[in-house]
Amino acid sequence: MQPDGAILELCQVVTDIDRALEHWTRVIGAGPFFVFDVPVLPGQLYRGQPTEVSMRVAFGFSGGLLIELLQQTNDRPSVFGEMLDAHGEGYHHVMLRIAYDQGVERLSGHGYEIAFSGQMPSGERFCLFDTRSGNGGYVELMEISPAMEDSLRRMHAAHLDWDGVTAPVRSMADLR
C-alpha cells in the first residue's frame, strides 16, 4: 500500500460500473473490487452550493495503488458529471495520502479551489480540489480514520491473496 505523501488512489468516472469492473479485473488484472452504494453524504457542497449526489463505487488494488470506479446514480450537479460531460468516461482524480488540513493548505496555497466537499457518515471530511489546469483532473483529500485504514489494509490483503480469477467483484460486506 502507498506510503504517506504518495498518491493512494486513482479514480475513473464511469457510466456503467459493471462494464468497467469487467475491464479492470479481466483486462487490467486489478482487484478484487469491493462494490457498494454510497447514499447522499452529509453536507455536500458543489462549487459552494448544496447538492445531493449519490453514487455506486468500487474499490480494488493494483499493486499498492487503490483504484476507484465511480458511477453517479442521480443527476444532481457534481464534479463527476462535469468530467463526464466534458470528456466522457475516464480519469477523474487522484487522492493524496496526506493529512487533510496539510493537503488543504498545500493545494489552496497553489491557488486551487475546492470544487466538491462533504463528510462521511462517521465524520471524516473529504474534498476534491479542481486541479484540472495542472493535471487534467481533480485531487481528493480525505481524513483517513483508523477504521478506514483497516478497510484499506483488508482490501490490499485481499488483492495480495487473490488468484486473479475467483470472485473478482465482491460486496463491501465481504470485507468484514
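Details
- Computed from the C-beta positions of Ala6 and Asp37 and an R0 of 25 Å, the FRET efficiency is 0.30 to the nearest 0.05.
- Ranked packing of 138-144, 83-89, 14-20, most packed first, by mean Cβ within 10 Å: 138-144, 14-20, 83-89
- Rg of the Cα atoms in the chain, relative to 2.2 N^0.38 Å, amounts to 0.99.
- Here the simple spin-label model places points 7 Å from the Cα toward Cβ, and for Gln49 and Arg19 these points are separated by 3.0 nm.
- Average accessible surface area per residue within the range 20-176, 1.4 Å rolling probe, Å²: 48
- Rounded accessible area of Asp130 (nearest 10 Å², 1.4 Å probe): 30
- Dividing the Cα radius of gyration of the range 1-92 by its Kirkwood radius returns 0.99 for Rg/Rh.
The values are calculated or read from the model by the stated rules, or taken from the named source; none is laboratory data. Just so it is clear, the model here is predicted, and its values are computed rather than measured. For neighbour counting, all protein chains shown are included, and Cβ atoms are generated from backbone atoms with ideal geometry for every residue, glycine included. SASA here: full protein model, heavy atoms, side chains in, ligands and nucleic acids out. Shrake-Rupley method; radii C 1.70, N 1.55, O 1.52, S 1.80 Å.
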